[in-house]
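Undergrad: Right, I'll just put the structure down here and ask away after.
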Amino acid sequence: MAIDTVALGWFIACVHKGTRVMLEQTRLNDEVWLPSQVIFRVDARVALLKGYNIDGEQTYRDYKKFRTASKIVGIGEVQEPPK
C-alpha cells in the first residue's frame, strides 16, 4: 500500500496515496511458489494528463508441470537449417 503519493521521474507518473497491490502465492508440489491471486487498486496520473483509477483481481490456477529436453552445444556444433 502506498502510504503517500509517489512521483516516478519528474513528470512521468504519480502514484497516489492509497494505491494497493496484494499478491497471494501458493506452494506447488513442494517445489516452487507460484502466484495464485493478485488484487490491486491503482490511483495514478501519467504525464500530468491522464488519470487512472483501476480496481482489479486476477486468479491463477490449473498449473501444469511439463518436462523438456535441451542440450547446450558449442558454436561449431550448430547446424544450419535446410533452405
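The numbers here are math on the coordinates, done by the rules we state, and not lab data. What you are looking at is a predicted structure, and each value in this text was computed from that prediction instead of being measured. With ideal geometry, Cβ positions are generated from the backbone for all residues, glycine too; neighbour counts draw on all protein chains shown.
Undergrad: What is the percent of Cα-Cα separations in the chain that go past 15 Å?
TA: The share of Cα pairs beyond 15 Å in the chain comes to 73 percent.
Undergrad: Which of the lysines could be linked to K83 by a straight reach, that is with a Cα gap under 26 Å, when you skip same-chain ones fewer than 8 residues away?
TA: K71
Undergrad: Quick query: amide H of T19 versus all other amide H atoms, modeled in the peptide plane; which residues come in under 5 Å with a sequence gap of 5 or more or a different chain?
TA: The answer is A2, D43.
Undergrad: Quick one: net charge of S36's neighbours, Cβ under 14 Å, K/R +1, D/E -1?
TA: Within the 14 Å Cβ shell, the charges total -1.
Undergrad: Work out from phi, with θ = phi - 60° and the Karplus expression 6.51 cos²θ - 1.76 cosθ + 1.60, the ³J(HN,Hα) of each residue of the range 53-63, listed in order in whole Hz, and give x for Gly and Pro.
TA: Computed from phi, the couplings for the range 53-63 are 9, 10, 10, x, 8, 10, 10, 10, 7, 6, 5 Hz.
Undergrad: List the relative contact order of the range 6-66 as a percent without decimals, with contacts defined as Cα pairs under 8 Å and 6+ residues apart.
TA: Result for the range 6-66 is 30 percent.
Undergrad: Quick check: net charge around Y63, other residues with Cβ under 15 Å of its Cβ, Lys/Arg +1 and Asp/Glu -1?
TA: Cβ neighbours under 15 Å give a net charge of +1.
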